[in-house]
1. THR170: touching a Phe, Trp or Tyr at 6+ places or on another chain (Cβ under 9 Å), closer than 18 Å to ARG50 by Cβ and of a type in the set (S, T, N, Q), yes or no?
2. Any chance the range 121-129 includes a residue that's in contact with a Leu (Cβ under 9 Å, 6 or more places away or on another chain), of a type in the set (Lys, Arg) and surrounded by fewer than 21 Cβ atoms within 10 Å (Cβ to Cβ)?
3. Among the residues of the range 166-186 satisfying the criterion of being touching a helix residue (DSSP H, G or I) at 6+ places or on another chain (Cβ under 8 Å) and surrounded by fewer than 17 Cβ atoms within 10 Å (Cβ to Cβ), which is nearest to LEU199 (Cα to Cα)?
4. Can you go through TYR142, TYR110 and tell me which one is among the aromatic types (Phe, Trp, Tyr) and surrounded by fewer than 19 Cβ atoms within 10 Å (Cβ to Cβ)?
5. State whether the residues of the range 205-215 include one that is in contact with a helix residue (DSSP H, G or I) (Cβ under 7 Å, 6 or more places away or on another chain), within 30 Å of ALA73 (Cβ to Cβ) and buried (at least 17 other Cβ atoms within 10 Å of the Cβ).
6. Restricting to the range 156-197, give me the number of residues that are among the hydrophobic types (A, V, I, L, M, F, W, C) and free of Cβ contacts under 8 Å to residues at least 40 places away in the same chain.
7. Can you name every residue in the range 128-158 that is assigned to a strand (DSSP E or B), of a type outside the set (A, V, I, L, M, F, W, C) and under 8 Å from the mean Cα position of the chain (by Cα)?
8. Could you say whether any residue in the range 43-58 is at pLDDT 50 or above and assigned to a strand (DSSP E or B)?
Amino acid sequence: MGLARAWIIVCGAGGLILGGCAGSRPSDNANAVINSVLARQVPSWDTFPRYVVEPPDELTVTVKDNPDLRTVAPVRPDGRISLPLVGDVLVAGKTVEEIEKALEADISRYIRNVDVTVSVTAFRSKHIFVYGEVQRPGAYPYTGRDTVVKAIALAGTLNWRAAPNDIQVTRGDPRNPTILPVRLKDVVIEDDDATNWYLQPNDIVWVPPTAMVKVGDVAREILWPIQWLVAPAAVYSVYDDMRDR
């Protein structure tokens, strides 16, 4: 019976480790205030890198006081869109502001005092990536106004395994990347946005597990081959306790 009880102790300790302390949710506080961080961040366009339009982004073009000229058009592989009055216009490789100025110059040949507004209504040409301990890891459209907190929110926020202060942004050449550390605690609790980086196309936000979760993962691998011994031991221990009563 002593051996069986010893196995129960090992099994119980292993369960805590393997579960990664499931009762504790170190990322819950961070998740609870991510929305408030997003709400307080209302930066102007000047704060962000200019978004460069590329195929197959989709643009909406409106001309003030001329609703018939409103056009929603995908950027074709040749980098152009088709518009009334002016026909095909090259937009790839330009910012929204540059496209507006070019269209105003073209349309002014037909309409006086023209006022053109261009917006990107579907971001399809560039992506950012969020991997690791988030609810929905994967690729997300790059909009030119993306921060680390916004990217994590798009990915469904952190899961309970996440280490909020060990997040990293990987940028540039995969063979020699630039690593940007992120301290989410400072961002969401102390209102310090120094590490809430503005993201660039193809940036990777990596959310690692906590040290305890890593230990649990290792313990799971170690205990897996002998789980058939642990389970019978638990059964025998319960039987012995009942018999002794």
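1. Working: touching a Phe, Trp or Tyr at 6+ places or on another chain (Cβ under 9 Å): yes; closer than 18 Å to ARG50 by Cβ: no; of a type in the set (S, T, N, Q): yes.
When the stated conditions are applied, THR170 does not pass them.
2. Taking the range 121-129 as the starting set, the residues that turn out to be in contact with a Leu (Cβ under 9 Å, 6 or more places away or on another chain) are 121-122, 128.
The next check asks that each one be of a type in the set (Lys, Arg); those that pass are none.
No, that holds for no residue.
3. Of all residues in the range 166-186, those touching a helix residue (DSSP H, G or I) at 6+ places or on another chain (Cβ under 8 Å) come to 167, 169, 180-186.
Then drop every residue that is not surrounded by fewer than 17 Cβ atoms within 10 Å (Cβ to Cβ), which leaves 180-181, 185-186.
Numbers: LEU180: 10, PRO181: 13, LYS185: 19, ASP186: 18 Å.
The qualifying residue nearest to LEU199 (Cα to Cα) is LEU180.
4. Working: TYR142 fails: surrounded by fewer than 19 Cβ atoms within 10 Å (Cβ to Cβ).
Step by step, each of TYR142, TYR110 is checked, and only TYR110 is among the aromatic types (Phe, Trp, Tyr) and surrounded by fewer than 19 Cβ atoms within 10 Å (Cβ to Cβ).
5. No - not one qualifying residue is present in the range 205-215.
6. So in the range 156-197, the residues among the hydrophobic types (A, V, I, L, M, F, W, C) come out as 158, 160, 162-163, 167, 169, 179-180, 182, 184, 187-189, 194, 197.
Then keep just the ones that are free of Cβ contacts under 8 Å to residues at least 40 places away in the same chain; that gives 169, 179-180, 182, 194.
Summing the residues that are among the hydrophobic types (A, V, I, L, M, F, W, C) and free of Cβ contacts under 8 Å to residues at least 40 places away in the same chain in the range 156-197 gives 5.
7. Answer for the range 128-158, where residues must be assigned to a strand (DSSP E or B), of a type outside the set (A, V, I, L, M, F, W, C) and under 8 Å from the mean Cα position of the chain (by Cα): TYR131, GLY138, TYR140.
8. There is at least one residue in the range 43-58 that is at pLDDT 50 or above and assigned to a strand (DSSP E or B).
The values are calculated or read from the model by the stated rules, or taken from the named source; none is laboratory data. Computed from a predicted model, the values in this text were never measured in an experiment. Every residue, glycine as well, gets a Cβ built from its backbone with ideal geometry; the counts of neighbours run over all protein chains shown.
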